[in-house]
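The values are calculated or read from the model by the stated rules, or taken from the named source; none is laboratory data. This one's a predicted model, so the numbers in the text were calculated from it and none came from an experiment. Cβ sites come from the backbone with ideal geometry, for glycine too, and all protein chains shown count toward neighbours. All accessible areas refer to the heavy atoms of the entire protein, side chains included, with ligands and DNA or RNA removed. Shrake-Rupley method; radii C 1.70, N 1.55, O 1.52, S 1.80 Å.
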Amino acid sequence: MKQKDLKEGRSITLNDLLDEQHALNMRMLLAVQLRDPEAQAELKAELEKVAQRIDQMLSGGFRRQGLPQ
């Protein structure tokens, strides 16, 4: 997710994460087509991070910003 969004206090939604995952998948497809293993490795790592964040969100692992804990 964009660091700018976090700095501005914008909450991250599931749709934001799914959009990011989709964009990374399209970049991965291009990297595969171009036979670029370095880019593929970087994108795979990014995709794993996004998938982990999606799993956390779906399991209730995220806390809302600004609410008392």
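Evaluated against (1) open to solvent by 100 Å² or more (accessible area, probe 1.4 Å); (2) of a type in the set (A, V, I, L, M); (3) modelled with pLDDT of 95 or more, Leu58 falls short on exactly one condition, (3).
For segment 25-45, the set of residues classified as part of a loop (DSSP other than H, G, I, E, B) and of a type in the set (A, V, I, L, M, F, W, C) consists of Leu34 only. For segment 9-24, filtering for residues that are under 16 Å from Gln52 (Cβ atoms) and part of a helix (DSSP H, G or I) leaves 7. Residues in segment 1-34 that are modelled with pLDDT of 95 or more, surrounded by 14 or more Cβ atoms within 10 Å (Cβ to Cβ) and closer than 16 Å to Ala45 by Cα: Leu17, Glu20, Gln21, Leu24, Arg27, Met28, Ala31.
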